[in-house]
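The structure appears below as structure tokens.
What follows is calculated from the coordinates using simple rules that are stated; it is not laboratory data. None of these values were measured; they are calculated from a predicted model. Positions of Cβ are backbone-derived with ideal geometry, glycine not excepted, and every protein chain shown enters the neighbour counts.
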């Protein structure tokens, strides 16, 4: 015979198992055992530092086409400079989101009116990254 201690729903039971040859049926008789010691109280939660607010999105000038961030992420590389001419589909910057690098491309031909982000900036969905005039 073998005796085991089994915990079910926080209660400890002592179970004795007898080997039976041939039939394969085992009879067990659970018997409650002294209860486990009370769990130790968890340490008091420590207040998390206040999150740093992201800079407010810069409003696009009325005479340009804003290029918004399609998703939250981090600017890895700005590929254009202010005043540069760009073609539709040209890569303006690289945005890292969920461990993937995403090319942010120009929606139209034009000239870069303003660049509202720099390498290392964190952006939210809808933040205006670049304005094309």
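Quick notes on this one:
- Selection from region 84-103 of residues that are more than 22 Å from the chain's Cα centre (by Cα) and over 12 Å from residue 130 (Cβ atoms): 85, 87, 88, 89
- Note on region 85-124: among residues that are in contact (Cβ under 8 Å) with a residue 60 or more places away in the chain and assigned to a strand (DSSP E or B), the one that is surrounded by the fewest Cβ atoms within 10 Å (Cβ to Cβ) is 122.
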